[in-house]
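Here is the structure we will look at.
The values are calculated or read from the model by the stated rules, or taken from the named source; none is laboratory data. Bear in mind the structure is a predicted one, so any value in this text is a computation, not a measurement. Quick reminder, even Gly has a Cβ in these numbers, built from the backbone with ideal geometry, and neighbours come from all protein chains shown. Just the protein is used for accessible areas: all its heavy atoms, side chains included, with ligands, DNA and RNA removed. Shrake-Rupley method; radii C 1.70, N 1.55, O 1.52, S 1.80 Å.
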Amino acid sequence: MRRFLLARRTAVVLALNAVLGAALALFSSPAQAAPVYWTFQNLASFNCLTGGTSGAAWLTTCTGSTNQQWDWIGTSNNMLKNRATGRCLTTDNKTASNATWTSTCVNNAYGQVFHYTGGTLYSAAYYTYLRAEIGDDGVRADRTGDLTSPLFEWIGTHN
């Protein structure tokens with residue numbers, strides 16, 4: 001009888017452990033890494049790449065605001081999503097010097113694929129490089145130009 005009670009207690013303890021383990025697995029969520037937000041400051045203007053709710057992308061005094069914070073997203077982490085607006089940096093390939101703006105993020109959309117290497121931000125799809133426009137605080141994506149110019153150089157920092 002004693003063996004029977006011991007076996008029964010063991011079975012109850014094992015069953016309770018299984019139920020508790022399943023409940024913990026069901027109600028606990030895996031730890032999510034916090035997003036890493038980047039700020040890009042142009043070396044010619046010393047202003048930061050900024051995105052706004054109107055869809056514009058421009059340069060303005062670096063303040064650290066969420067409009068100046070960008071997260072690398074997409075299947076290859078190659079799209080820049082603005083923290084404040086949730087929109088992605090976008091360009092086209094209509095001329096040698098192209099506008100930039102923010103628009104709805106579409107995974108690996110042709111005009112939204114960017115890379116940051118060696119101080120340059122460039123569109124991998126169009127082989128255009130982000131350039132500051134001094135005077136109107138614009139940001140262009142250019143196929144031509146002196147890439148050693150500070151207009152094309154960006155300091156990328158992250159949290």
Exercise. Quote to one decimal, in nm, the extra length available between Tyr127 and Ser54 on full extension: 0.36 nm per residue of separation minus the C-alpha distance between them.
Key: 23.7 nm
Practice problem: Provide, as a two-decimal number, the C-alpha radius of gyration of the stretch 88-159 over 2.2 N^0.38 Å, N being how many residues it has. | Solution: 1.05
Self-check item: Gain in span if fully extended, Thr61 to His158, counting 0.36 nm per residue against the direct Cα distance
Solution: 33.2 nm
Exercise. Starting at the first residue of the stretch 126-143, write each ³J(HN,Hα) from the Karplus equation 6.51 cos²θ - 1.76 cosθ + 1.60 with θ = phi - 60°, in whole Hz, x for Gly and Pro.
Key: 10, 6, 10, 10, 5, 10, 7, 10, 6, x, 10, 6, x, 10, 10, 10, 10, 8
Self-check item: Rough spin-label spacing in nm, given labels placed 7 Å along Cα→Cβ, for Asn93 and Ser76
Solution: 1.3 nm
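For the stretch 41-137, with all protein chains present and a 1.4 Å probe, just round the carbon and sulfur fraction of the accessible area to a whole percent.
That fraction is 50 percent.
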Quiz item: Which residues' amide hydrogens lie under 5 Å from the amide hydrogen of Tyr37, considering only partners 5 or more residues apart or on another chain, with H built in the peptide plane?
Solution: Asn159
Exercise. Could you work out the local net charge near Ser123, counting Lys and Arg as +1, Asp and Glu as -1, over the other residues with Cβ closer than 15 Å to its Cβ?
Key: +2
